[in-house]
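For reference, the structure discussed in these notes is given below.
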Amino acid sequence: RFYLGEYSSDDALTIFSIPPEGYYGGTMFEQWVEAVRPENVRLTAGLDIGFEDADAFSIIAYVPKLHAPKDYADPRDRIRYGDVSALPGQELTRKRWLIWEYKARRTGLTELANAITKGLAETSRRCLDLGISASPQIFSDTGGGGAKMVHDLRTIHKLPVRPAYKRDKVAALELLQDEVRAGDFIVPVDGEFAREAEVTVWTKDPDTGMIIREIDDRAFHPDFLDSVLYAMRSIWATTL
């Protein structure tokens, strides 16, 4: 088949093809925080509530758009804004780091609340050690019974959960796909996102016989991916 040219790359059929620079380990995240400056780092989180499948919770670190003042009309502005020449470049600020991953089936809502609380606490400790004082809002699915569960997570368990924007999923997948392939969405090498990214979803067009990519939740239910999309929509709102 190679001799006859009857082959093709399946990259277009892979939901997320992660390049080597899209993985991190060691102190890579800490080095990035130092480069962009801790005070510029923000956190956001996504929660996909499972009913017949697993819950998924993710926390992402990013830098919003940084606006340098045009001049320093007031001498105190230099103290207020800092050294404008030291603002990090876009090659650094466009990076997003998946710093917490959780995916599991549960026996009750309290179990999920405890898992979220643990993730927030451990992330907070890690970030405070790096000088990051931001805390994340959690964006969650409220479809079906999710609305009641989000209400209980917020009122009973005192978690900062709010409804997520869910529309335009295919467009959101394309945006995330672009960032992943550019190496700008950086994930742990052995984490939940990396495992889900190995799944390939495709279908054959009945009229042309061509293999085309299709996002079909019935064939592939990406619990963790959905949680990431809920979080990323809030990032895109402040960075695009």
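The values are calculated or read from the model by the stated rules, or taken from the named source; none is laboratory data. It should be emphasised that the depicted structure is a prediction, and the values quoted were computed from it without experimental measurement. Because the Cβ atoms are built from the backbone with ideal geometry, glycine has one as well, and the counts that use them run over all protein chains shown. Areas reflect the complete protein model, heavy atoms only, side chains present, ligands, DNA and RNA absent. Shrake-Rupley method; radii C 1.70, N 1.55, O 1.52, S 1.80 Å.
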Do we have residue 148 as surrounded by fewer than 15 Cβ atoms within 10 Å (Cβ to Cβ) and modelled with pLDDT of 95 or more here?
no
Can you find even one residue in the stretch 195-209 that is farther than 30 Å from residue 26 by Cα, assigned to a helix (DSSP H, G or I) and open to solvent by less than 90 Å² (accessible area, probe 1.4 Å)?
no
Single unsatisfied condition, residue 82 versus (1) closer than 21 Å to residue 131 by Cβ; (2) modelled with pLDDT of 90 or more
(2)
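Quick check on residue 65: is it open to solvent by 50 Å² or more (accessible area, probe 1.4 Å), part of a loop (DSSP other than H, G, I, E, B) and either modelled with pLDDT of 75 or more or not small (Gly, Ala, Ser) (or both)? Lay out the reasoning, then the answer.
Values: open to solvent by 50 Å² or more (accessible area, probe 1.4 Å): yes; part of a loop (DSSP other than H, G, I, E, B): yes; either modelled with pLDDT of 75 or more or not small (Gly, Ala, Ser) (or both): yes.
Yes: the conditions hold for residue 65.
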Which of the residues that make up the stretch 38-53 are assigned to a loop (DSSP other than H, G, I, E, B) and surrounded by 17 or more Cβ atoms within 10 Å (Cβ to Cβ)?
41, 49, 50
Every residue from the stretch 164-178 that is touching a helix residue (DSSP H, G or I) at 6+ places or on another chain (Cβ under 8 Å) and surrounded by 15 or more Cβ atoms within 10 Å (Cβ to Cβ)
164, 166, 172, 173, 175, 176
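Please go through the stretch 128-140 and pick out each residue that is touching a strand residue (DSSP E or B) at 6+ places or on another chain (Cβ under 7 Å) and crowded, with 19+ Cβ neighbours inside 10 Å.
Filtering the stretch 128-140 for residues touching a strand residue (DSSP E or B) at 6+ places or on another chain (Cβ under 7 Å) gives 134-140.
Those that are touching a strand residue (DSSP E or B) at 6+ places or on another chain (Cβ under 7 Å) and crowded, with 19+ Cβ neighbours inside 10 Å: 136, 138, 139, 140.
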